[in-house]
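The values are calculated or read from the model by the stated rules, or taken from the named source; none is laboratory data. Quantities reported herein were computed from a predicted structural model and do not represent experimental measurements. Counting neighbours? That spans all protein chains shown, and the Cβs are built from the backbone with ideal geometry, glycine included. Note: areas computed on protein heavy atoms with side chains; ligands, DNA, RNA excluded. Shrake-Rupley method; radii C 1.70, N 1.55, O 1.52, S 1.80 Å.
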Amino acid sequence: MRLDAGDATGANSPPPFDLHSGSQFARHVMKPRPIAKVPAEWSFLINSMPKSGTLWVAAMLAAALPEGAQARVSFAHTYDGLAELAAPEVRCVVLVRDLRDIVVSWFNETQRNDLRAGYDAPRFPGIEAFYFEHLLGLLRASPRFGHGDFEPWLDLVSARAFPILRFEDLLVDPKKGLAKMMTFWKVTIPAKTISKIAQAHCFKAMARAKGGGGIPVERWISEGHLHRGQSGAWRNDMPERVEQDVSTRFASYQERLGYA
């Protein structure tokens with residue numbers, strides 16, 4: 001199912017897109033401003049595929065923003081919060097990841113959460129059961145995930161020229177990802193500051209990372225919301241039947257983002 005701008009599916013329908021709106025023009029022609037002087041009315045939205053580094057980017061963004069601005073960072077998965085994207089005061093960054101690795105990471109987190117919730121054993125013994133007995137239905141039944149169709153979401157965020165960061169690229173060079181985000185937002189930040197933030201928030205150091213301004217990064221990390229920080233883990237962990245289904249069913253997403 002495609003969710004087009006005129007689709008009457010409720011709050012999660014993509015808002016109408018106007019390339020030449022006043023807010024879009026103002027965003028495009030505004031003068032760059034230093035990170036320490038971002039306007040008080042700005043808010044920052046991390047719009048992502050689940051398990052694509054949302055917490056990780058939130059921690060880095062919180063470290064970059066001035067005191068008081070960190071509390072204005074919020075999160076939304078794909079079609080959630082789409083109405084906010086058109087607001088002129090919102091600065092959005094989009095995170096994506098290979099769906100095969102998303103499935104593996106989601107499975108691992110579900111197993112941990114099941115044990116925390118008091119189940120005698122995880123409900124789904126393996127990735128194949130988790131994918132076909134739960135995750136696939138969750139994606140296809142939920143407006144939050146576009147009923148499993150991510151193409152209109154990618155159209156909307158790319159048409160608005162929001163920075164799109166691939167999890168895999170962030171692992172290789174987080175400095176480049178942070179710099180891209182700030183460039184799209186027309187925010188200047190010293191290269192030394194970006195390097196310092198990236199070094200402090202590599203996955204090996206994240207156990208010591210602390211969030212500020214209302215972003216409880218340390219608590220979320222201690223609860224296991226960060227797994228291994230790897231790309232390509234699906235090659236060792238994913239059954240062939242699941243890999244084939246993901247690659248076929250979600251081919252447009254995978255191909256568009258370079259994962260095919």
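Over the range 52-153, Cα pairs under 8 Å with separation of 6+ residues give a relative contact order of 28 percent.
Sequentially through the range 123-138, phi angles give Karplus couplings (6.51, -1.76, 1.60; θ = phi - 60°) of 5, 10, x, x, 5, 5, 5, 4, 5, 7, 9, 9, 5, 4, x, 4 Hz, Gly and Pro residues having no value and appearing as x. Find the all-direction average of the projected area of the Cα convex hull for the range 18-103, expressing the result in square nanometres with one decimal place. Averaged projected area of the range 18-103's Cα convex hull equals 6.4 nm². The H on the amide N of residue 90, modeled in the peptide plane, is under 5 Å from the matching H of 43, each at least 5 residues off or on a different chain. With an a/c value of 1.5 or above and a/b larger than b/c for the gyration tensor axes a ≥ b ≥ c computed over the alpha-carbon atoms, the range 80-143 is described as prolate.
For the pair the range 21-69 and the range 150-169, the centres of their Cα atoms are 16 angstrom apart. Using heavy atoms of the protein chains and a probe of 1.4 Å, the accessible area assigned to residue 101 is about 10 Å². Counting 0.36 nm for each residue step from residue 176 to residue 196 and taking away their Cα separation leaves a gain of 5.9 nm.
The accessible area of residue 252, taken with all protein chains in place and a 1.4 Å probe, comes to roughly 60 Å².
Among the listed pairs 51/186; 37/176; 31/51, a Cα-Cα separation exceeding 24 Å is found for 51/186; 31/51. Using the Cβ-Cβ distance between residue 251 and residue 121 with R0 = 25 Å, the FRET efficiency computed as 1/(1 + (r/R0)^6) comes to roughly 0.15. Just so you know, the Rg over Rh for the range 87-189 is 1.07, from Cα atoms, with Rh as the Kirkwood radius.
Phi angles of the range 249-256 translate, via the Karplus equation with coefficients 6.51, -1.76, 1.60 and θ = phi - 60°, into HN-Hα couplings of 5, 10, 4, 5, 5, 4, 5, 4 Hz per residue; Gly and Pro are given as x. Label separation (residue 140 vs residue 67): 5.3 nm, computed from points 7 Å beyond Cα along the C-beta direction. Cα convex hull, the range 43-89: 65 Å³ per residue, rounded to a whole number.
Backbone phi angles across the range 45-60, fed through the Karplus curve with coefficients 6.51, -1.76 and 1.60 (θ = phi - 60°), yield HN-Hα couplings of 10, 9, 9, 8, 6, x, 6, 10, x, 4, 4, 4, 5, 4, 5, 5 Hz in residue order; Gly and Pro are listed as x. What is the set of long-range amide H partners of residue 78 at a cut-off below 5 Å, with H atoms built 1.01 Å from backbone N? Here 48, 49 satisfy the definition.
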